[in-house]
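To keep things clear, I will list the structure first and then write my remarks on it.
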């Protein structure tokens, strides 16, 4: 391997390899003797949480930079929404009826991936949570076009793995939800939310709050399926109560199809972050 390091100091890989082949003595067997950065038990201590947070922020950021990825198209949506071919297996009638959004997510990812390929995979790269359902559809659409896509998985109590359509070199795994959320939004060129459950709602409101409060620049914020969103969230009631302002309802748009969403993104004019919060 070519050494392209600027530093004249010995590199960490070399010392770690040497440390694995040292004489076996009571001293070298002691956990105290392990190199700190190669000691997993040490790194997993509660006191090392700030270091682990930093590592989870750094690793994907550095690898995405190395891949030259500058902007992403974020797809949020339910893990339980089946592909139309599997809708008869859905747990509820409503999930079966929502299965067409799997195809819309897949078609939308195709359209965005065409734009990504035109930029040599620097812009408009699809990113999902890396799981099944709508997430799988997004990564699958990128594969359909011969492009790349990102998966931001997280360790859950039940066994799970990235869906098979995530680009392997862009498949990341997280311990901290907060850092994962940052990576979803740091490069976001658009945020597209399909029907989903608690996780989807959490991601929707987290991102919407950042834009509402001026902590994040405005980007196209698209909710697929007006009927679903208006049934589960009474947006007008929030406005009538005064807990949000009428202007807050302009921060997002409803869309029904992949083509509708692609047109809004194509015609979007950059908008600065809010400097104040209307109604306060």
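The values are calculated or read from the model by the stated rules, or taken from the named source; none is laboratory data. Being a predicted model, the structure only gives us computed values, none of them experimental. In this analysis, Cβ positions are derived from the backbone assuming ideal geometry, glycine residues included, and neighbour counts consider all displayed protein chains.
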If residue 61 satisfies every condition in (1) more than 16 Å from residue 188 (Cα to Cα); (2) surrounded by fewer than 16 Cβ atoms within 10 Å (Cβ to Cβ); (3) touching a residue at least 24 places away in the same chain (Cβ under 8 Å) but one, which is the exception?
(1)
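Any idea which of 97, 70 is modelled with pLDDT of 95 or more and either under 25 Å from residue 190 (Cα atoms) or under 20 Å from the mean Cα position of the chain (by Cα) (or both)? Can you show your working first?
On the way: 97 fails: either under 25 Å from residue 190 (Cα atoms) or under 20 Å from the mean Cα position of the chain (by Cα) (or both).
Result: 70 is the single residue among 97, 70 that is modelled with pLDDT of 95 or more and either under 25 Å from residue 190 (Cα atoms) or under 20 Å from the mean Cα position of the chain (by Cα) (or both).
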Kindly indicate which of 83, 142, 79 is touching a residue at least 24 places away in the same chain (Cβ under 8 Å), closer than 19 Å to residue 166 by Cα and surrounded by 22 or more Cβ atoms within 10 Å (Cβ to Cβ).
142
The condition from (1) free of Cβ contacts under 8 Å to residues at least 60 places away in the same chain; (2) touching a strand residue (DSSP E or B) at 6+ places or on another chain (Cβ under 8 Å); (3) within 11 Å of residue 74 (Cβ to Cβ) that residue 181 misses is numbered (2)
Among the residues of the range 208-231, write down those that are without any contact (Cβ under 8 Å) to a residue 24 or more places away in the chain and under 18 Å from the mean Cα position of the chain (by Cα).
209
So if I check each of 162, 168, which one is surrounded by 13 or more Cβ atoms within 10 Å (Cβ to Cβ) and within 18 Å of residue 127 (Cα to Cα)?
162
